[in-house]
1. Considering B:Gly87, B:Gly53, B:Gly104, which residue is over 21 Å from B:Leu24 (Cα atoms), within 14 Å of another protein chain (Cβ to nearest Cβ), in contact (Cβ under 8 Å) with a residue 12 or more places away in the chain and surrounded by fewer than 20 Cβ atoms within 10 Å (Cβ to Cβ)?
2. Got a sec? Which of B:Glu67, B:Glu130 is at the interface with another protein chain (Cβ under 7 Å from one of its Cβ atoms), without any contact (Cβ under 8 Å) to a residue 24 or more places away in the chain and of a type in the set (Asp, Glu)?
3. Just to verify a result, which residue in segment B:66-84, among those that are in contact with a strand residue (DSSP E or B) (Cβ under 8 Å, 6 or more places away or on another chain) and assigned to a helix (DSSP H, G or I), is nearest to A:Glu26 (Cα to Cα)?
4. Does A:Ala63 meet the test of being assigned to a helix (DSSP H, G or I) and under 12 Å from the mean Cα position of the chain (by Cα)?
5. Going through B:Leu38, B:Leu46 one at a time, which residue ends up being outside any helix (DSSP H, G or I), surrounded by 20 or more Cβ atoms within 10 Å (Cβ to Cβ) and touching a helix residue (DSSP H, G or I) at 6+ places or on another chain (Cβ under 9 Å)?
6. Anything in segment B:1-31 that is small (Gly, Ala, Ser) and within 11 Å of chain A (Cβ to nearest Cβ)? List them, or say none.
7. Would you check if B:Gly87 is small (Gly, Ala, Ser) and not in a helix (DSSP H, G or I)?
2 protein chains.
Amino acid sequence: MPKSATLRLENFLPYLVNRVGVALVERYSREGLKAHKLTIDMWRVLAALADNGGQRQIDLAAATSIETSTVSRLVTRLVRLGLVTRGRSETSSREVIVALSATGRALVKKLAPVALRLEREAASGLSPKEVKLLKVMLRRIYRNLAAPKRRR
Amino acid sequence: MPKSATLRLENFLPYLVNRVGVALVERYSREGLKAHKLTIDMWRVLAALADNGGQRQIDLAAATSIETSTVSRLVTRLVRLGLVTRGRSETSSREVIVALSATGRALVKKLAPVALRLEREAASGLSPKEVKLLKVMLRRIYRNLAAPKRRR
């Protein structure tokens, strides 16, 4: 068996990415979301709406990497909590647009500094140039993986 | 409101990490795990056992970033599938050690090349030096986040 087929987790990119992702979610849940009884997925929907404005559920699914059926359930919960609204699109009356309510907007404003502080803490010890390169690489990797490509 | 408190997802490290993590899981589930009816968490347990040898469930939880109670359920499923065994430790008879069975070991050997091919595809366009730096940075970020630290 070739050497290249052994998997050393400490040097395996998907492992390193997952570990950082889980740690970020744990810290942010504990330090930001818990006090507002939000789950990480609810937060992702709110943050995507704050970032990109009102949008269709299918766009929210793409923006958050959450499955469309799950996004739909999350939006229903967020509507009940008064954090988002579902309304008709101005351009097409058959299109449903999800948007932040004033309460939702205020909540994102309150939580964003916690998220940004955690990002700074995560990157401590890295130079601004390294952080920039890291982000460039992560965007590139995402494009590499998400590109529609047939299986061999 | 200070400019630093707005959250642009395209430039927000936790967002970029999560997006890559989800894409990796989706691709690997589809291209590797599905054919063997494994979930990503089952795979993580198997890979950690292949990498670190037999270990206690609490060590498996740390190695996989999966909660201990979930690890326990996963191990039970993997035992039923004949992929891992639960046995007594040689040093302490009260300690339960989880290990790969021969079937489990063979399955990891079969799947590792798929995982490694996906890693290569993810990193395509990055130089070996960049990939190395990326891994160094991800390890550093994990340490920054996982270090026991009191909330302010």
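1. Residue meeting the stated conditions: B:Gly53.
2. On inspection, the qualifying residue turns out to be B:Glu130.
3. Per the criteria, the residue is B:Val75.
4. Yes, satisfied.
5. Answer to the selection: B:Leu38.
6. Scanning segment B:1-31 gives B:Ser4, B:Ala5, B:Gly21, B:Ala23.
7. yes
Just so you know, all these numbers are worked out from the coordinates, no wet-lab data involved. Source: prediction; values computed, not measured. All Cβ positions, even for glycine, are placed from backbone atoms using ideal geometry, and neighbour counts span all protein chains on display.
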